[in-house]
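Throughout, read-outs are computed from the coordinates displayed, never taken from laboratory work. The structure presented is a predicted model; accordingly, all values stated were derived computationally and were not measured. As a convention, Cβ positions derive from the backbone with ideal geometry for all residues, glycine included, and neighbour counts pool all protein chains shown.
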Amino acid sequence: MVSPTPLQAFSGVQKAPTKTSKQTLVDGEKMTGAQALIRALEDLGVQDVFGIPGGAILPVYHQIHDDTKFRFVLMRHEQGAGHAAEGYAVATGRVGVCIVTSGPGATNMVTPIADANMDSVPLVVISGQVGIDSIGTDAFQEADTVGITYPVVKHSYLVTDAQDIPRVLAEAHYIARSGRPGPVVVDVSKTAQVGEMYYSWPQKMILPGYNPTTKPHGHVLREAAKLFEQSYRPVLYVGGGAMRSNAGAQVKELADLTDSPIVTTLPARGIVPDSDPKVLGMLGMHGTLAATAATQKCDLLVAIGARFDDRVTGKMDAFAPAARVIHIDIDPAEIGKRRQPDVPIVGDVAEVLDALNAEIKRGQAIRGATNLKPWWNLINSWREKYPMKYDEETPDGTLSPQWVVEELSRQAAPSTIWVSGVGQHQMWASQLIDFENPHSWISSGGLGTMGFGLPAAIGARVGSARDFGGKKPVWLIDGDGSFQMTSEELAAAFIDNAPVKIAILNNSVYGMVRQWQTLFYDKHYSQTSIQDGENTEDIVNVPDFVKLAEAYSCVGIRATTQDEAKAAIKRANEINDRPVLIDFRVYKDAMVWPMVAAGQSNDTVTYKPGVQPLLHNDTTDSGSDSGADEPQNDTDHAAVADGATAAEQSKE
Amino acid sequence: MAIYPASTPHSERHTLSVLVENRPGVLARIAGLFARRAFNINSLSVSPTERPDISRVTVTADVEQVPLEQIIKQLNKLLHVLKIVDLDNTDAVERELVLIKVAANETNRSDVLEIVRLFRVRVVDVHPESLTIEATGAEGKIDALLGLLHDYGIIELVRSGAVAVTRGPHALSEKVVGSEIRGR
Ligand SMILES: Cc1ncc(C[n+]2csc(CCOP(=O)(O)OP(=O)(O)O)c2C)c(N)n1
């Protein structure tokens, strides 16, 4: 093979024709690369594909016919296609697939690719690319897609030869779903699409540099089991990796065996049903007080498919300071990245936990289980004293957004799949919905992508139709800000028959940002009022979400009182032939509590303004520390504001 | 934990040998990974190996142990990366090629040539006002040579970056299982 000159190495295109590809393979069915691409997707068992066509991918779209074995869902924006594929992947556990055009089509996909990369969502993104003679010439709609996406993909391909298409797709699909799942980009030049090749299946994959470890080693399991024996305050800190590995049953077994409480990250909500008494809820910046407190005070932290994100840990040095750490992850690079574990275990979470549970059982048969009564007394005292609470009454008579979320949860079918945008509503959804099933909570965790909600909900609904006969309804809880980033997908939702239910918590502002402005930026509400819920003389409902829904043939309802809200939700639950959108008018100054200010120790967690139970050392299990509920002094509220940022240091 | 930027002035010198598939774009992926983590590369060289399907990247950098481990793990995640070792200086042979253009005229040429002879390096170009010297060697030798030549005035200097192999009969690529990597 001709070795690339340095310039070629950077351009990503091998200019010299490779001898190897042409000389072999005369057997197989003769067809074009485009036909092979469609055939390979069929042979991979792909059933649903999302995307938008364009010139540089047209040969491929030309091969999509009525008898093509997958369903094609036409979205209205490539970002929407990407998020839809993500929602589909999370809801079904399968690989989400997108086909988009080159240049702007591909660049529109960068956000969902990065989003999938952060949340380990298996995605195969196929993009068109200009012909190889034009690559590197600034041809029309040319973009260096592989180059642009390098830092945010699990892997990527530039395909210049038709003959490579089936193997590359087989590899891409395998890479996306195996090991730590993630997005794989396949950029297919027009040359490869129109070129002739010989198709055969199955394909032999050539991946010498890819060997994910799934099986744990024996001795670390014994060490981990020993740590459990020696600990009196264990906590299972469960993250999205456990969800990807479908390890709900194993997590529950471990918790039951060792009597350990379960705290979860945002993506792992529902991994074990919330009704299970061992589940303390989400931890971290907006977690429950019990979850955050238990983690701060634990002596054994068992990180299970979790990556110590700063929204979880707060100030890293002060996170679970007394704990020894067991870290279980399929990605070796996650282990020791943010905190050095005492026992590192690389492997697939479900497999590791199966083995660990067996090891623990063996030990308990000899030594019995540790008595954790005092630990649970302490945890339960936190739970009793500091439940998730909010004001149902609002100063201006609008709806309480938290109440709306609880009401949605109350009226929802237990099988409901919940999707969210990004902001306060996302936190309230995570805090207040009763999650009873895994894979029923879809939200952008790592990247925090506004606009994720509607397309992801559409993807989830397509997945629900595919796998569950549409029996799992899909509710999207969205913010008025987030929704407007991808609201055009209402068209896809209606036309492609994805009857999602949409609850917009319309507070008329970018609520989450406004909350920070309130707390840390001197109530200077710079550019966070979007006025879509206004009824002033100048501005009335821009946009009018009810009319917007109706413009897309969806049902639009507005709810301003609790009675209206209850009726609207009931009606939405009854409609299944088209999307329904409810515009809930909620209080603009509602805040998400508890809260840990960014960069602060989790010990500073504020349960509600003026109440910082961990700072005041409410860690006795006597339950007699009655003063903790009341504000300790006038400056307590400022202690929250003391947090985070330099901007607020200059306050006063 | 992890200290960023990964390289600080007092960090220890490490030599990483990275075996990669010989494909377009591999170097960009590796370089990008270093760049993102503020890893200040001292030298980097890439070239084919005894196997045409495999290239070898040699990176030297001053870096702390903890970020280095993280970088090695992240490099390992790149699918084109087949094998990485942090070469132990005592058990490896390391060489660099340098071309040095020294300002040397009639009056001091013989002094410079004396240094050339002492270091057993070669003169590859002679001009009334300059000498160009080719030198290979480990970093220490080259630094010493440059130190001595410095006083005469170095007009131009280019270094290849270090390459390194372990001592003894074994090749790094022996650890790469599987047959020749072709196609794509
Ligand atoms: C694409 C994108 N842009 C900006 C942000 C920063 N951001 C985080 S939350 C938020 C406000 C969200 O407002 P809304 O969707 O109305 O939800 P609310 O907080 O009011 O519930 C913004 C602007 C982001 N996360 N994503």
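Name the residues in the stretch A:363-382 that are over 36 Å from the mean Cα position of the chain (by Cα) and in contact (Cβ under 8 Å) with a residue 40 or more places away in the chain, would you?
A:Gly363, A:Gln364, A:Arg367
Please give the helices (runs of 4 or more DSSP H) falling wholly within the stretch B:64-178 in which 1 or more residues are within 14 Å of chain A (Cβ to nearest Cβ).
Working: elements: B:65-77, B:109-118, B:139-149.
In the stretch B:64-178, the matching helices (runs of 4 or more DSSP H) lie at B:65-77.
Inside the stretch B:33-63, can you point out the residues that are in a loop (DSSP other than H, G, I, E, B), of a type in the set (D, E, K, R), at the interface with chain A (Cβ under 8 Å from one of its Cβ atoms) and surrounded by fewer than 16 Cβ atoms within 10 Å (Cβ to Cβ)? Even if it seems obvious, please write down each step before you answer.
Restricting attention to the stretch B:33-63, the residues satisfying the condition of being in a loop (DSSP other than H, G, I, E, B) are B:37-40, B:49-53.
Then keep just the ones that are of a type in the set (D, E, K, R); that gives B:37, B:50-51, B:53.
Narrowing the set further to residues that are at the interface with chain A (Cβ under 8 Å from one of its Cβ atoms) leaves B:53.
Within the stretch B:33-63, none qualify.
Only residues that are more than 16 Å from the ligand (Cβ to nearest atom), of a type in the set (A, V, I, L, M) and either touching a Gly at 6+ places or on another chain (Cβ under 7 Å) or assigned to a loop (DSSP other than H, G, I, E, B) (or both): list them for the stretch A:407-441, please. Write out each step before concluding.
First, the residues of the stretch A:407-441 that are more than 16 Å from the ligand (Cβ to nearest atom): A:407, A:409-417, A:434-441.
Now drop any that are not of a type in the set (A, V, I, L, M), which leaves A:412-413, A:417.
A:Ala412, A:Ala413 - these are the residues of the stretch A:407-441 that are more than 16 Å from the ligand (Cβ to nearest atom), of a type in the set (A, V, I, L, M) and either touching a Gly at 6+ places or on another chain (Cβ under 7 Å) or assigned to a loop (DSSP other than H, G, I, E, B) (or both).
Filter the stretch A:151-195 for residues that are over 21 Å from the mean Cα position of the chain (by Cα), surrounded by fewer than 24 Cβ atoms within 10 Å (Cβ to Cβ) and of a type in the set (Gly, Ala, Ser) and give the result.
Hits for the stretch A:151-195 are A:Ala170, A:Gly195.
Got a sec? Which of A:Ala224, A:Ala114 is in contact (Cβ under 8 Å) with a residue 60 or more places away in the chain, within 14 Å of chain B (Cβ to nearest Cβ), under 28 Å from A:Pro341 (Cα atoms) and hydrophobic (A, V, I, L, M, F, W, C)? I'd like the intermediate steps shown before the answer.
On the way: A:Ala224 fails: within 14 Å of chain B (Cβ to nearest Cβ).
Testing whether each residue is in contact (Cβ under 8 Å) with a residue 60 or more places away in the chain, within 14 Å of chain B (Cβ to nearest Cβ), under 28 Å from A:Pro341 (Cα atoms) and hydrophobic (A, V, I, L, M, F, W, C) leaves just A:Ala114.
Would you check if A:Ala322 is farther than 30 Å from B:Lys77 by Cβ and more than 14 Å from chain B (Cβ to nearest Cβ)? Give the steps one after another, and end with the answer.
Numbers: farther than 30 Å from B:Lys77 by Cβ: yes; more than 14 Å from chain B (Cβ to nearest Cβ): yes.
Here the answer is yes, as A:Ala322 does meet what is asked.
In the stretch A:144-238, which strands (runs of 3 or more DSSP E) lie fully inside it and hold 3 or more residues that are farther than 30 Å from A:Ala294 by Cα? Walk me through it before giving the result.
Details: elements: A:155-159, A:183-189, A:196-199, A:234-238.
Counting at least 3 such residues, we get A:155-159, A:183-189, A:196-199.
Can we say A:Leu505 is within 29 Å of the chain's Cα centre (by Cα), away from the ligand (no atom under 12 Å from the Cβ) and not in a loop (DSSP other than H, G, I, E, B)?
Details: within 29 Å of the chain's Cα centre (by Cα): yes; away from the ligand (no atom under 12 Å from the Cβ): no; not in a loop (DSSP other than H, G, I, E, B): yes.
Judged against the criteria, A:Leu505 is not a match.
Can you say whether A:Ile132 is part of a loop (DSSP other than H, G, I, E, B), in contact with a strand residue (DSSP E or B) (Cβ under 7 Å, 6 or more places away or on another chain) and more than 10 Å from every other protein chain (Cβ to nearest Cβ), as far as the supplied structure shows?
Values: part of a loop (DSSP other than H, G, I, E, B): yes; in contact with a strand residue (DSSP E or B) (Cβ under 7 Å, 6 or more places away or on another chain): yes; more than 10 Å from every other protein chain (Cβ to nearest Cβ): yes.
For A:Ile132, the condition - part of a loop (DSSP other than H, G, I, E, B), in contact with a strand residue (DSSP E or B) (Cβ under 7 Å, 6 or more places away or on another chain) and more than 10 Å from every other protein chain (Cβ to nearest Cβ) - is met.
Could you list, in sequence order, the residues of the stretch A:181-211 that are of a type in the set (Asp, Glu) and under 15 Å from A:Ser102 (Cα atoms)?
Going residue by residue through the stretch A:181-211, those that are of a type in the set (Asp, Glu) are A:187, A:196.
Across the stretch A:181-211, the qualifying residue is only A:Asp187.
Restricting attention to the stretch A:468-502, which residues are away from the ligand (no atom under 11 Å from the Cβ) and of a type in the set (D, E, K, R)?
A:Lys471, A:Lys472, A:Glu488, A:Glu489, A:Asp496, A:Lys501
Among the residues of the stretch A:378-387, is any in a loop (DSSP other than H, G, I, E, B), out of contact with any Asp or Glu (no Cβ under 6 Å at 6 or more places or on another chain) and within 14 Å of another protein chain (Cβ to nearest Cβ)? Let's see the steps before the verdict.
Here is the first cut: in the stretch A:378-387, the residues in a loop (DSSP other than H, G, I, E, B) are A:386-387.
Then keep just the ones that are out of contact with any Asp or Glu (no Cβ under 6 Å at 6 or more places or on another chain); that gives A:386-387.
When the remaining residues are screened for being within 14 Å of another protein chain (Cβ to nearest Cβ), the result is none.
No - not one qualifying residue is present in the stretch A:378-387.
Is there a residue in the stretch A:349-359 that is outside any helix (DSSP H, G or I) and in contact (Cβ under 8 Å) with a residue 12 or more places away in the chain? Please lay out each step first, then the result.
Kept after step one, since they are outside any helix (DSSP H, G or I), are these residues of the stretch A:349-359: none.
Taking every residue of the stretch A:349-359 in turn, none turns out to be outside any helix (DSSP H, G or I) and in contact (Cβ under 8 Å) with a residue 12 or more places away in the chain.
Grab the strands (runs of 3 or more DSSP E) fully contained in the stretch A:22-100, keeping just those with 1 or more residues being surrounded by 16 or more Cβ atoms within 10 Å (Cβ to Cβ) and more than 21 Å from the chain's Cα centre (by Cα).
Here the list reads A:29-32, A:71-74, A:96-100.
List the residue pairs whose Cβ atoms are under 6 Å apart, where the first residue sits in the stretch A:468-490 and is without any contact (Cβ under 8 Å) to a residue 40 or more places away in the chain and over 17 Å from A:Ala81 (Cα atoms), the second is of a type in the set (Lys, Arg) and within 15 Å of the ligand (Cβ to nearest atom), and the two are 6 or more positions apart or on different chains.
none
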